[in-house]
Amino acid sequence: LVSWDLSSSSGADLTVPGTAIAPNLTPMDISFGGGLSKELSHNGAFGLVNWTVDKEDGYLQFGFTVQPGYQAHVVGLFASTDSEGTNPAELGPGHMGLYREVGGADQFIAGWTQQPGGFLEPLVLALDLTVTDTLTLKIKRRDDTSTIPGFPIASTAHWRLHDDRNIVTGAETDMFLHGTVSVVPEPRTYALIAGLGLLAFGYGRRRFAK
């Protein structure tokens, strides 16, 4: 559907532009807010620090808008992540979550746990989202757990979003949302389908009555 080239991102980039893979979509830039800060010293990923802000506030967001008359069905997110986790005094967030903005509120979709050691980890999430206007997805920490439970999250520790990377071969592709785009059936199409269904039902009842 849409993709983002994170490997070309520099520490100074405050956003990452998206690319539409499927027609009739306008991608949203990757951006952040709610008190988080950019990790300026790291290139090749979208790194953020200050994860000690309120978990409801600090977020990274991305998504797309569907053109009128079309709908998208999102079935998967493919990326990679890492969270700082070697020094107990410098730990990133351990419990992360994907949320969908609905009516001004963030609706939880899926969660995962970042492993200690700061290793690059695949992020592959199965989704089932139907979109007829704008889809805004957010990544936030779910609680105050760090990558080493029992130790606090440090405000200077990073969490990074990377491109989709094969941990066996090292092959890398842009982070992307997978799915399909289709035309939204017109109301008269639904009426026609419903009418044919009633006609078939009535015919079946008459045959059964005979």
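Condition check ((1) surrounded by 16 or more Cβ atoms within 10 Å (Cβ to Cβ); (2) aliphatic (A, V, I, L, M); (3) modelled with pLDDT under 95; (4) in a loop (DSSP other than H, G, I, E, B)) across all residues:
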| residue | (1), (2), (3), (4) |
| --- | --- |
| L6 | yes, yes, no, yes |
| S9 | yes, no, yes, yes |
| T19 | no, no, no, no |
| D29 | no, no, no, no |
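Touching a residue at least 24 places away in the same chain (Cβ under 8 Å), part of a strand (DSSP E or B) and not polar (S, T, N, Q): does that describe D143?
No, not satisfied.
In region 127-167, what residues are under 17 Å from W4 (Cβ atoms) and hydroxyl-bearing (S, T, Y)?
T134, T136
With the condition kept exactly as written, say whether any residue in region 55-68 is free of Cβ contacts under 8 Å to residues at least 40 places away in the same chain, farther than 16 Å from L127 by Cβ and in a strand (DSSP E or B).
no
Tell me which of these H42 doesn't satisfy, since it passes every other one: (1) within 19 Å of E172 (Cβ to Cβ); (2) open to solvent by less than 10 Å² (accessible area, probe 1.4 Å); (3) not small (G, A, S); (4) not in a strand (DSSP E or B).
Condition (2) is where H42 drops out.
Could you give me the residue pairs with C-beta distances under 6 Å whose first residue belongs to region 172-186 and is over 14 Å from P122 (Cα atoms), whose second residue is outside any strand (DSSP E or B) and among the β-branched types (V, I, T) wherever it lies, and which are 6+ apart or on separate chains?
Sorted first by the residue in region 172-186, then by its partner, the list stays empty.
Across region 160-181, what is the total count of residues that are surrounded by 12 or more Cβ atoms within 10 Å (Cβ to Cβ) and either farther than 30 Å from F119 by Cβ or touching a helix residue (DSSP H, G or I) at 6+ places or on another chain (Cβ under 8 Å) (or both)?
1
Being open to solvent by 60 Å² or more (accessible area, probe 1.4 Å) and assigned to a strand (DSSP E or B) is the filter here, so list the residues in region 70-103 that pass it.
Y70, H73, N87, E101, V102 - these are the residues of region 70-103 that are open to solvent by 60 Å² or more (accessible area, probe 1.4 Å) and assigned to a strand (DSSP E or B).
Answer yes if at least one residue in region 105-124 is crowded, with 17+ Cβ neighbours inside 10 Å, part of a loop (DSSP other than H, G, I, E, B) and of a type in the set (G, A, S), and no otherwise.
Checked region 105-124: at least one residue is crowded, with 17+ Cβ neighbours inside 10 Å, part of a loop (DSSP other than H, G, I, E, B) and of a type in the set (G, A, S).
State all residues of region 125-157 that are acidic (D, E), more than 20 Å from M175 (Cα to Cα) and either surrounded by 15 or more Cβ atoms within 10 Å (Cβ to Cβ) or within 19 Å of the chain's Cα centre (by Cα) (or both); if no residue qualifies, say none. Give the derivation first.
Step one: of region 125-157, the residues acidic (D, E) are 128, 133, 143-144.
Then keep just the ones that are more than 20 Å from M175 (Cα to Cα); that gives 133, 143-144.
Matches in region 125-157: D133, D143.
Restrict the check to region 30-40 and report whether at least one residue is within 24 Å of N166 (Cβ to Cβ) and hydrophobic (A, V, I, L, M, F, W, C).
Yes, there is a match, as at least one residue in region 30-40 is within 24 Å of N166 (Cβ to Cβ) and hydrophobic (A, V, I, L, M, F, W, C).
When you go through T147, T134, T113 one by one, which is the residue that is within 23 Å of G18 (Cα to Cα) and hydroxyl-bearing (S, T, Y)? Give the steps one after another, and end with the answer.
Working: T147 fails: within 23 Å of G18 (Cα to Cα); T113 fails: within 23 Å of G18 (Cα to Cα).
Criteria check complete, one pass: T134.
Look through region 1-52, keep the residues that are of a type in the set (D, E, K, R) and in contact with a Ser or Thr (Cβ under 9 Å, 6 or more places away or on another chain), and return whichever of them is farthest from T81 (Cα to Cα).
Looking at residues that are of a type in the set (D, E, K, R) and in contact with a Ser or Thr (Cβ under 9 Å, 6 or more places away or on another chain), I get D29.
The values are calculated or read from the model by the stated rules, or taken from the named source; none is laboratory data. All values derive from a computational prediction rather than experimental measurement. FYI the Cβ positions are ideal-geometry reconstructions off the backbone, even for glycines, and counts take in every protein chain you see. Ligands, DNA and RNA are excluded from the accessible area calculation, which covers all protein heavy atoms including side chains. Shrake-Rupley method; radii C 1.70, N 1.55, O 1.52, S 1.80 Å.
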